[in-house]
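First up is the structure itself, then whatever we jot down about it.
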Amino acid sequence: MAFSIQTNVTSLVAQENLRVNQAFQQTTINLILGFPGMVVGPNKPLWTQLQYVQQLKPTFVMVALGYSEVVAAAAAGDPSLIPDVASFRSNYAAILSGLKSTFAPVLIVNIPDPTDTAYFSTLAAASKLTLAPAAVIQSLYKLKSDDQFTIPGLIAMANQMNIDKIGSLPAGSIVSGATIAAIKAGVTALNTEIAAQAQANNSPLYDVRALFSRLRTGGAFVNGQALSANGAAKLAKSRRALVTEAMKSGALKARKNGRRWHTTVGETVAWVQAGRPVTPPG
């Protein structure tokens, strides 16, 4: 379970009894953030994720937040689930402000567009996967040209075609072009805010949204491996791969100096020990 940006600054470890609908998220928070506070005795501090980072005194920080919220909105086909810019701005600024006390260089990563992942397929992509002409699919399911299938929708459609029994698809199988456009607009609005805050914080910004777009349209090589849209979700979870890509893009540069990597972030120079998240490109 990925944490939302608000969870990073507000959710604390809790030891009290919980309602069933709270239990899963709170148990996850406890498992990740509850140590050592929950096991070393009473009256120990219980931290938020931001406070945990501050206490660990990192030598390098990467902020890659917001994807959890937008992917949930995309999966539900509901753009209203994307955070409003004002609340997002407030929480994001609080995180960056809190990180200043660590004196660590900060790399900011913007939000990938979830509609660029393999969870969504255009009519053309669905045609390639099912070997049915796009015009036939559009006619059978009464689709508009810019509607897209989700993975459950593709599976249901393929099963219907396999047994030659076409019918209605389960809820959530089709996402309208208008919804796709609204999700993209929401991601753009949040990324505009992230870019503004990166500039104000004098932090480099890596455009992972552009990387996802490349994966969607033609694939890309990451750490020597070819990736397509099918690998985009895995890449989003790979912090090390993102740092390496950021180095290659020029957002972050490193050179070896003795036993450490000398990492230049804009005009700020910081030391990052070898073996930490920063690794040399190539």
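Please treat every number below as a calculation from the coordinates, not as lab data. The structure displayed is predicted, hence computed values, not measured ones. Glycine gets a Cβ as well: all are built from the backbone with ideal geometry, and neighbour counts include every protein chain shown.
For segment 88-137, the set of residues classified as of a type in the set (A, V, I, L, M), within 19 Å of residue 192 (Cβ to Cβ) and in a loop (DSSP other than H, G, I, E, B) consists of 111 only.
Considering 167, 177, 98, the condition of being touching a helix residue (DSSP H, G or I) at 6+ places or on another chain (Cβ under 6 Å) and not hydroxyl-bearing (Ser, Thr, Tyr) is satisfied by 98 alone. Against the numbered list (1) within 28 Å of residue 88 (Cβ to Cβ); (2) without any contact (Cβ under 8 Å) to a residue 24 or more places away in the chain, residue 134 comes up short only at (1). Can you report the number of residues in segment 55-74 which are free of Cβ contacts under 8 Å to residues at least 12 places away in the same chain and under 12 Å from the mean Cα position of the chain (by Cα)? Counting residues in segment 55-74 that are free of Cβ contacts under 8 Å to residues at least 12 places away in the same chain and under 12 Å from the mean Cα position of the chain (by Cα) gives 1.
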